[in-house]
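Quick notes on the structure that follows.
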Amino acid sequence: MAGEDKNISELEKAYGGMAKKIAAAFATNLLPKEIAKTLSTFEEKAVGIINAFGSSRDRVVEMKSSMADAMVSVKLLGGSMEDVGNIASKVGEGLGRNIILTSDAYSKLYATSKVTGVQYETLIPKFKDAGLSVYQISQNMEKVVNTALESGVNAKTVSKNVVENLSMMDKFNFVGGVEGMAKMVTQAANLRISVQSIEIMLDKAFKPESAIQMAAALQRLGVAQSDLLDPLRLMDLSRNDPTEFTRQIGEMSKQFVEFNRQTKSFEIAPGAKEQLQEVATELGISYKELAKMARASAELDDKLKKITFPDTFTEEQKKFVANMAEMGEGGQYMLRVDNKDLKLDEAMKLFQEQPKLYEKFVKETKEPKTMEELAKDQLTITQRTDANIAAIGERMGAAIASSETYETGNQAMVELSETIPKIFSGEKFQVPTMREGMDNVTGDLLKAYKSGDVLGGLGGMEDKFTNYFKDAFQDAAKGGKEAFDDLSKSTNPLIGLFLDLTKNVKELEGFTAEEVKESKTEKSANKTKTETESEKLKVEKAIEESTTQTKPKTETNEIKFSQPLKIEISLTGTQGLSETQLRDLLAEGKLSQELAKAIIEATKQQIK
């Protein structure tokens, strides 16, 4: 029970972790911060490609949409947005042209690179140099990989050699093009000889004179292969069927090898080593290369002789099984089948008894896969799961980044920002002018300091700064007007919409520039009138209050108004008013009463 509980706990933990990954991936389509990050990634990649192309931003939307449409399919293969951007830039560099790929080409190139182990920056120029389109890379490399798998040969090794030697197609005729060359390279891998050595032999047999010389030499050295002893046949094989030529050389070389039962290995026969060296010299390759080829050919032949194949097996299927087998310690060929190590005879008997087991074992020979399928198969379970989850993320950001609307908005921002340097384009904002002004002010201040008039120098500096900023403000106002005049000529629809909305809002408010000015004047007049009326009410209130006050009995105060505005005050009393008494009168507020009465009297006289 404890073990079961632990397993359940581990399972819940695994599913909980997966749920968190799914939530995090889905959140990239909703959270503004994550969407902004995706937008930034697309912008960086697109600008990077523009820089690589040495072009303008005219096709940036097309470029972004191409990458955005490819993003999901590349992620499903275990890739990322980084890979999409790299492929886009490398295609342009490899072709030397500013080409924007179709969306499905990204996943094919990515898968091809992963399966074959050959980077797309190598694949693209090599195929283009061979006269093939970038869109033909994936389908041709599929044939290369499946050809290798059918023979049980390492697909990455064959792929690398095919790509590196595609130029051989310009010199020799391969039936089926790249696929025919893949068969020759697979043959070379079976025989453990380099493609470069095969090319040397093909070159030597290509011309009539050297073909005649080679055929005669091989005949003299005791070679029994009839096709290699006929100069015309030898020349025809080198020109039109390099794969068969390679097979024939391999068949020829195995006659110099024997199996050492004591060491359980294949060796060059003691009496044939000198002979093989002379053959190597006539073929134009090293003895070491030919010896490797001879041993590999003898081993493959030995396997095929010791295996009892069903009559339905093709040559490719036979070679596939033979290449999968390896000699064990006891000198017998062993094969790993259904998690068991079996002798070849035992394995073939099991295949006959269980046809489905055989179909599973040689599945690659019957069901060639696409590059995308192979790329997915080469991922671990965790990588495959993470790739499926990652594929749901960043879609909203990709959609926005690749839209025309977003790019239009970007251009609108650029145009709006371009008004800023125009505002500060006046003479007062230029570096030479600013430097000259600073030097002048500093120079004047130093002169004042030397003459002992520091305060005067500071005052002069203040005046210069004031005048400078006044002129600078005028330059900015002028630059701003020019900037917004230019903005009104923009063809960007969002800027046009913004300007139209601004205009419509003003019209809705019922204001034009003149109306705004008139409105301000009217408001100012109304404010002045209101303030005047308010003051008048205060005066009238003060007058009213003053009439209710009791007049002083001990003194007579008189205030007179004369034109235009002259106030005469006479103060009388039994003893007169001193300065102190006048201050008291002001402090007690009685002076305001006398002023109020004088104003009333003056008003009456004016009316009369």
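The values are calculated or read from the model by the stated rules, or taken from the named source; none is laboratory data. Everything quoted here is computed from the prediction, not taken from an experiment. Neighbour counts are summed over all protein chains in view; Cβ atoms, including those assigned to glycine, are modelled from backbone coordinates with ideal geometry.
Among the residues of this structure, K273 counts as one that is part of a helix (DSSP H, G or I), of a type in the set (D, E, K, R) and surrounded by fewer than 16 Cβ atoms within 10 Å (Cβ to Cβ). Scanning the range 294-326 for residues that are over 47 Å from the mean Cα position of the chain (by Cα), closer than 27 Å to V145 by Cβ and not charged (D, E, K, R) gives A296, S297, L300, L304, I307, F309, P310, T312, F313, T314.
Can you pull out every residue in the range 73-100 that is within 15 Å of the chain's Cα centre (by Cα) and among the charged types (D, E, K, R)? Full working, then the answer.
The first filter runs over the range 73-100 and keeps only residues within 15 Å of the chain's Cα centre (by Cα), leaving 74-75, 79-92, 100.
Once the filter is applied, which keeps residues that are within 15 Å of the chain's Cα centre (by Cα) and among the charged types (D, E, K, R), the range 73-100 yields K75, E82, D83, K90.
Among the residues making up the range 231-252, those that are assigned to a helix (DSSP H, G or I) and within 48 Å of the chain's Cα centre (by Cα) are S238, R239, N240, P242, T243, E244, F245, T246, R247.
Got a sec? Which of I124, I200, I137, I193 is part of a loop (DSSP other than H, G, I, E, B) and in contact with a helix residue (DSSP H, G or I) (Cβ under 8 Å, 6 or more places away or on another chain)? Break it down stepwise before answering.
On the way: I124 fails: part of a loop (DSSP other than H, G, I, E, B); I200 fails: part of a loop (DSSP other than H, G, I, E, B); I137 fails: part of a loop (DSSP other than H, G, I, E, B).
Of the residues listed, the single one that is part of a loop (DSSP other than H, G, I, E, B) and in contact with a helix residue (DSSP H, G or I) (Cβ under 8 Å, 6 or more places away or on another chain) is I193.
Checked against (1) part of a helix (DSSP H, G or I); (2) over 12 Å from L191 (Cα atoms); (3) touching a residue at least 12 places away in the same chain (Cβ under 8 Å), F259 passes all but a single condition, namely (1). Across the range 82-141, the qualifying residues are those that are surrounded by fewer than 20 Cβ atoms within 10 Å (Cβ to Cβ) and of a type in the set (V, I, T), and the one among them that is nearest to N173 (Cα to Cα) is T122. If you go through the range 56-79 and keep only what is part of a loop (DSSP other than H, G, I, E, B) and at pLDDT 90 or above, you end up with L76, L77, G78, G79.
If you scan the range 266-318, which residues turn out to be of a type in the set (S, T, Y) and in contact (Cβ under 8 Å) with a residue 60 or more places away in the chain?
Scanning the range 266-318 gives S286, S297.
Given the options F245, F266, name the one that is at pLDDT below 90 and surrounded by 17 or more Cβ atoms within 10 Å (Cβ to Cβ). Checking each option against the conditions leaves just F266.
Looking at the range 44-65, can you tell me whether even one residue there is closer than 20 Å to A111 by Cα and either buried (at least 23 other Cβ atoms within 10 Å of the Cβ) or of a type outside the set (G, A, S) (or both)? Outline the logic, then answer.
Taking the range 44-65 and keeping what is closer than 20 Å to A111 by Cα, we get none.
No, because not a single residue in the range 44-65 is closer than 20 Å to A111 by Cα and either buried (at least 23 other Cβ atoms within 10 Å of the Cβ) or of a type outside the set (G, A, S) (or both).
Quick grid of which residues meet (1) modelled with pLDDT under 90; (2) among the aliphatic types (A, V, I, L, M); (3) under 23 Å from Q136 (Cβ atoms); (4) crowded, with 17+ Cβ neighbours inside 10 Å:
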| site | (1), (2), (3), (4) |
| --- | --- |
| V162 | no, yes, yes, yes |
| F172 | no, no, yes, yes |
| V195 | no, yes, yes, yes |
| D203 | no, no, no, no |
| P208 | no, no, no, no |
| A215 | no, yes, no, yes |
| L218 | no, yes, no, yes |
| D230 | no, no, no, no |
| M235 | no, yes, no, yes |
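If the condition is being touching a strand residue (DSSP E or B) at 6+ places or on another chain (Cβ under 7 Å) and modelled with pLDDT under 75, then the range 309-330 contributes only G328. Taking D83 as the residue in question, decide whether it is under 30 Å from I381 (Cα atoms), out of contact with any Ser or Thr (no Cβ under 6 Å at 6 or more places or on another chain), modelled with pLDDT of 90 or more and not assigned by TED's automatic domain parsing to the domain that holds T370. The answer is yes for D83. Checked against (1) part of a helix (DSSP H, G or I); (2) at pLDDT 80 or above; (3) over 19 Å from I495 (Cβ atoms), Y468 passes all but condition (2). Of all residues in the range 215-231, those that are in the same structural domain as G271 (by TED's automatic domain parsing) have Cβ atoms under 8 Å from Cβ atoms of residues that are assigned to a loop (DSSP other than H, G, I, E, B), 6 or more apart or on another chain, in A215/D230; L218/Q225; L229/V223.
Going by the conditions given, is G152 touching a residue at least 40 places away in the same chain (Cβ under 8 Å), part of a loop (DSSP other than H, G, I, E, B) and either crowded, with 20+ Cβ neighbours inside 10 Å or not assigned by TED's automatic domain parsing to the domain that holds F206 (or both)? Yes; evaluated as a whole, the condition is true for this residue.
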